[in-house]
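Values quoted throughout were computed directly from the atomic coordinates according to the rules given, and no laboratory measurement underlies them. Nothing here was measured: the structure is a model prediction, and the numbers come from that model. Note that we place each Cβ from the backbone using ideal geometry, even for glycine, and neighbour counts take in every protein chain shown.
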Amino acid sequence: MLLLCAPHALALGLALLGTSAQSAPPHAVHAAQTIKAVPMSKKLIAFTFDDGPNRRYTPKVLQLLAQYHAHATFFVIGQEVQRYPEVIESIKSAGMEIGNHGMHHRWLHKMTEEAVRDDVAGGADAIVAAGGPKPYLYRLPAALSDDTSRRVLGGLGYTVVSWSVDTRDWRRSMSADRIVKTVLRGAAPGRIVIMHDGPAHRANTLAALAQVLPALESRGYHVVSVGDLLRQSDFAAQRSIPPGSQRPVANPRRQLKSQRPAPRRGWLQSVLHRRVG
Ligand SMILES: [Zn+2]
């Protein structure tokens, strides 16, 4: 799963990739679907911020997003939510989306089913207790998962959100200039950018954000949340996305065109209905 989520495993045009429940018994709950990007022609790009909320940095991120009429999804850690519940209120009142990043930022691979359930549910409970909505999107800490954790997440109704543009801004040595270059080079319709608004050393992220938002705007992009991306997907109005391969394909664009799935009610529609309805 680490390789699957690593940016170098992504090919240009890999729009959307699902995980399968192939290793699970037939009666088992399907594993959570994973998205890295969403197929679309519109110039929308999703920004995501992990590891907050943070009293110092999150409000500054919100301020910049508001300045450029941009939206984003904040994947928050439950224990940080408990420390700064007022920041959740700020995220919510700014019209941003809130996703679950676990209670304690624990790596879910090799954990027992019960431990995974506790950490994921704990993160959701913290968000709801702070006044946020019940989350339906989950981001894996360190991008680590296994069959057990993906099944638990699927059973809890989550869609796992990976990324297609990795700024690596969590590295203290990552300069604002390099973050800007990474985002602008990787920008394409339907892609998902990962950045961090916590827990510390986010000055370079903020400096980069102040540059990339106007740069993307000048290129005709709208910066949106993951939920916005899903609702605007070329697939959303036409058909659902069936469970796919767990591995990236050599030419995902060709596969997407040649293996048109039969229309059926599936996970994307479920996500949309849960979100909208
Ligand atoms: Zn994280």
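Overview of results
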item	result
The listed residue being β-branched (Val, Ile, Thr) and over 23 Å from ALA31 (Cβ atoms), out of THR159, THR182	THR182
Positions within region 88-110 being within 16 Å of the ligand (Cβ to nearest atom) and surrounded by fewer than 21 Cβ atoms within 10 Å (Cβ to Cβ), in sequence order	HIS104, HIS105, ARG106, TRP107, HIS109
Selection within region 71-100 - over 11 Å from ALA126 (Cα atoms) and either part of a strand (DSSP E or B) or under 18 Å from the mean Cα position of the chain (by Cα) (or both)	HIS71, ALA72, THR73, PHE74, PHE75, ILE91, LYS92, GLY95, MET96, GLU97, ILE98, GLY99
All positions within region 201-221 that are in contact with a strand residue (DSSP E or B) (Cβ under 9 Å, 6 or more places away or on another chain) and surrounded by fewer than 17 Cβ atoms within 10 Å (Cβ to Cβ)	GLU217
Residue that is surrounded by the fewest Cβ atoms within 10 Å (Cβ to Cβ), among those in region 39-56 that are closer than 22 Å to LEU184 by Cα and within 16 Å of the ligand (Cβ to nearest atom)	ASP50
